[in-house]
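Asks: Before we start, here is the structure in question, set down as structure tokens.
Quick note: the coordinates plus some simple rules give every number you see, no bench work behind them. Owing to the predicted nature of the structure, the values given are computational and were not obtained by experimental measurement. Glycine also receives a Cβ, built like all others from the backbone with ideal geometry; neighbour counts cover every protein chain displayed.
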Amino acid sequence: PKQQTLAVIKPDAMEEHKEEILEAIRGRGFSVTQLKETELSREIAEEFYKEHKGKPFFSQLVDFMCRGPCAMLVLTKENAVEEWRTMMGPTDPEKAKETSPQSLRARFAADILHNSVHGSSNEQHAREKIYFIFGDIGTPTELNSCKETD
Ligand code: CMP
């Protein structure tokens, strides 16, 4: 069955690599079922990353996420959560360069903080974050169109 995940193109990657990343996403067979470009307020960024509150890098992370526009995307595909995480590569681009040189973070990220893209870590988080960013967007038509048509 199809699944949805929330993907974010972070401010560092928006500056130079937005189109390339969107092409790569579509090239892997994801449907981009929602897309919103927005500059996050501190309040929204803090809420979005609430799971990381208290970590030493939290305030830097919030500063970074607010420094320019982000693209927030809902990606729909079978196994979307895991496939998008594979496509991003490990959080730390140094590790990504070793283990998955084709990944987006290996190709575009400068360091572990400025790591170009985000993706939900599981289906529950995906549902929560999609709701947080987009509200109740209903069930995308793709999820209903799997049956054979005549
Ligand atoms: P992301 O996958 O969006 O989830 C949390 C983010 O925090 C992560 O990508 C990085 O941008 C940042 N982050 C995670 N670990 C560290 C770290 N050790 N130092 C600095 N930033 C980090």
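Asks: Sorting SER116, SER100 on the 10 Å Cβ count, fewest up front, what's the list?
Replies: The most exposed by this proxy come first: SER100, SER116.
Asks: Which net charge results for the neighbourhood of ASP136, defined as the other residues with beta-carbon distances under 14 angstrom from its beta-carbon, given Lys and Arg at +1 and Asp and Glu at -1? The partial results should precede the final answer.
Replies: Working: positive: ARG127, LYS129; negative: GLU128.
Net local charge, ASP136 excluded: +1.
Asks: OK, next. What does the net charge come to around PRO11 if you take all other residues with beta carbon closer than 12 Å to its beta carbon, with K and R at +1 and D and E at -1? Display every interim value, and only then the final one.
Replies: Numbers: positive: LYS10, LYS18, ARG67; negative: ASP12, GLU15, GLU16, GLU37, GLU39, ASP63.
That works out to -3.
Asks: Now a separate question. Return one number: the angle in degrees, 0 to 90 and rounded to the nearest 10, between the long axis of the Cα atoms of helix 18-27 and the longest principal axis of the Cα atoms of the chain.
Replies: For 18-27 against the chain, the angle is about 30 degrees.
Asks: How compact and how long is the chain, expressed as Rg and Dmax of its alpha-carbon atoms in Å?
Replies: For the chain, the Cα radius of gyration and maximum Cα-Cα distance read 15.3, 57 Å.
Asks: In this model, which of LYS10/LYS129; LYS50/LYS129; LYS18/LYS77; LYS36/LYS129 are farther than 18 Å apart at the alpha-carbon?
Replies: LYS18/LYS77
Asks: 7 Å from Cα along Cα→Cβ at both ASP63 and GLU128: what's the point-to-point distance in nm?
Replies: Simple spin-label model gives 2.7 nm for this pair.
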